[in-house]
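Encoded as structure tokens, the structure appears first; notes follow it.
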Amino acid sequence: MLHTIIENRFAVTAVILFVTGFVNMMVHPNLIKKVVAFNIMDSATFLMLASRGMIAGRTAAILTDGGADVTRYVNPIPAGLVLTGIVVSVSVSAFSLALIQRIYGAYGTVDMRELLEAMKKKGE
Amino acid sequence: MSAFDSFTKWVDGEKPVPLKTEPKPVKAKTEPKKPAPIDDKKRLDGFLRLYAWCAVVISALMLIVLLIGAVALPAFASPGNPTDNEVVRRYVGSAEHETGAENVIAGMILNYRGFDTFGESCVLFLAVCCVMLLLWATNDKLRAEAAGSGKAAPRDAILQNVAKLVLPCILCFGMCVLFNGHVSPGGGFSGGSILGAALILFAVAFGAEAVQRFFTERVFNTVRITGLMIYALMFGVYIYQGANGIDSNLARYIVLVIDIAVGLVVMSTMYGFYSFYTKGEL
């Protein structure tokens with residue numbers, strides 16, 4: 001059991017990071033910390049993708065000295081997927097932080113609990 | 001008329017027939033109104049507690065399922081990894097003479113998967129549009145609020161002198177990464193981020209007014225829109241040509257130009273984020 005876990009250490013780390021981020025995103029009342037947790041989840045996904053793409057003894061798919069020897073390079077697709085993921089993560093973070101800034105301007109708090117109460121008060 | 005019938009009518013686009021809900025108002029009238037706020041608070045408390053418990057249980061289940069999956073995967077970095085398939089043979093084997101790019105990843109994301117990267121650029125473009133919509137300080141009061149005390153603070157001498165030394169290096173490095181994206185590690189996204197970081201450092205050290213001398217709102221919009229347009233145009237031409245059997249030198253130039261276009265979009269997006277968050281305008 002321990003041996004398998006050590007063999008798959010990056011995947012296990014990624015799963016733990018992902019669930020940590022998920023729990024925090026679900027239960028933390030602070031909106032900023034929700035965004036932080038979301039970014040932790042993103043990082044876990046990138047770690048998973050990058051570690052899956054790795055093969056011992058091979059290098060990233062940047063052809064050196066003109067040789068296209070297939071057995072020397074790893075799959076370029078996980079790297080491309082991580083790139084896509086980073087871009088989307090940056091965009092979503094920026095958008096949600098802007099929304100939070102507006103919420104703070106309107107209600108003076110970023111706490112979910114206080115927000116719910118403030119919204120109710122405003123509605124009445 | 002049953003609920004299902006009125007629902008199907010609603011789906012068909014007819015005006016929904018209101019369901020008969022007579023008993024409800026009567027019930028509401030008989031209830032005393034006074035304890036409602038306390039009741040609400042209690043209900044909210046109960047809901048939040050239930051929510052937290054459910055979240056923890058769901059996360060624990062998720063952890064178990066994902067851990068089982070992670071342990072069942074083939075060992076890290078083993079040669080039998082499922083990513084070592086015919087895709088890598090195809091890409092590594094023929095990327096160089098099909099896309100002209102020695103950096104197979106750049107060749108792949110800008111050529112074989114060019115639509116994907118175009119979508120990414122559009123996501124960045126839309127993100128900065130949303131940030132603009134949300135944070136644009138439309139009047140002087142908002143602008144003063146957004147600027148805060150940062151404007152009045154004296155510029156830091158250490159920061160300015162270090163920036164004078166470091167900025168040319170960052171700019172050169174960013175250009176190098178951007179223009180060599182197709183032959184070495186780097187490319188539009190990383191090079192654009194480095195150039196954006198250089199702009200942000202410039203703005204921090206010498207004030208946003210110094211950046212405004214050459215990077216006004218007009219230039220910002222022009223740069224990011226031109227970047228996307230160049231990408232769309234080049235890739236459209238490339239696809240229209242049939243995308244196959246293009247001379248590898250020509251394909252290399254297409255990859256380079258698309259890379260630079262992506263770099264422009266990323267650079268202006270990074271600086272746009274910084275600028276809108278700090279002072280609510282460009």
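A short reminder: the numbers here are calculations on the coordinates, not readings from a lab. No experiment lies behind these values; they were computed from the predicted model shown. Neighbour counts are summed over all protein chains in view; Cβ atoms, including those assigned to glycine, are modelled from backbone coordinates with ideal geometry.
Per residue of B:57-63, other chain Cβ atoms within 10 Å of the residue Cβ number 4 on average. Amide H to amide H, with H built 1.01 Å from N, residue B:78 comes under 5 Å of A:56, counting only residues 5 or more places away or on other chains. Shape call for the stretch A:1-107 from the C-alpha gyration tensor, a ≥ b ≥ c root eigenvalues: rounded (a/c under 1.5), prolate (a/b greater than b/c) or oblate? Because a/c hits 1.5 or more and a/b fails to exceed b/c, the stretch A:1-107 counts as oblate.
From its DSSP helices (H runs of at least four residues, each -39,500 (n - 2.57)), chain A gives a residue-normalised ellipticity at 222 nm of -25000 deg cm²/dmol. Backbone phi angles across the stretch B:266-279, fed through the Karplus curve with coefficients 6.51, -1.76 and 1.60 (θ = phi - 60°), yield HN-Hα couplings of 5, 4, 5, 5, 4, 5, x, 4, 4, 5, 6, 6, 7, 9 Hz in residue order; Gly and Pro are listed as x. Give, as ranges by residue number, the residues of the stretch B:104-125 whose backbone N falls under 13 Å from the point 7 Å along Cα→Cβ of residue B:239. Taking a point 7 Å out along Cα→Cβ of residue B:239, the residues of the stretch B:104-125 whose backbone N falls under 13 Å are B:111-120.
Once the Cα atoms are used to define both axes, helix A:76-107 deviates from the longest principal axis of chain A by about 10 degrees. For residue B:87 and residue A:3, the FRET efficiency from 1/(1 + (r/R0)^6), where r spans their Cβ atoms and R0 equals 30 Å, is about 0.50. Of the residues B:54, B:176, B:129, the one that moves most in a GNM of chain B with alpha-carbon contacts below 10 Å is B:54. Listed by chain and number, the aspartates and glutamates whose alpha-carbon sits under 13 Å from that of residue B:164, ignoring those within fewer than 8 places in the same chain, are B:156.
Please say if the stretch B:102-279 is rounded, prolate or oblate, where rounded means a/c under 1.5 for a ≥ b ≥ c the square roots of the C-alpha gyration tensor eigenvalues, and otherwise the choice is prolate for a/b larger than b/c and oblate otherwise?
Numbers: a/c = 3.29, a/b = 1.75, b/c = 1.88.
Oblate is the answer for the stretch B:102-279, as a/c is 1.5 or above yet b/c matches or exceeds a/b.
Between 0 and 90 degrees, rounded to the nearest ten: what's the tilt of helix B:86-99 against the longest Cα principal axis of chain B? The answer is roughly 50 degrees. For the residue pairs A:34/A:122; A:121/B:42; A:121/B:41, the C-alpha atoms sit more than 18 angstrom apart in A:34/A:122. Based on the Cβ-Cβ distance of residue B:158 and residue B:72, what FRET efficiency does E = 1/(1 + (r/R0)^6) give at R0 = 60 Å, to the nearest 0.05? So, using R0 = 60 Å, E works out to roughly 0.65. Result for chain B in a Gaussian network model with C-alpha springs under 10 Å: among B:69, B:196, B:188, the largest mean-square fluctuation is at B:69.
Inside 10 Å of the C-beta atoms of A:95-106, what's the mean count of C-beta atoms belonging to other chains?
On the way: counts 9, 1, 5, 11, 4, 1, 7, 3, 0, 0, 5, 0.
The per-residue average across the peptide is 4.
Per-residue mean of foreign Cβ neighbours for B:65-72 is 6 (Cβ atoms of other chains, 10 Å radius). Helix B:3-12 and the longest principal axis of the C-alpha atoms of chain B enclose an angle of approximately 40°.
When the stretch B:102-279 is described by a simple charge dipole with +1 on each Lys and Arg Cβ and -1 on each Asp and Glu Cβ, the residue from B:261, B:235, B:271 located farthest towards its positive end is B:271.
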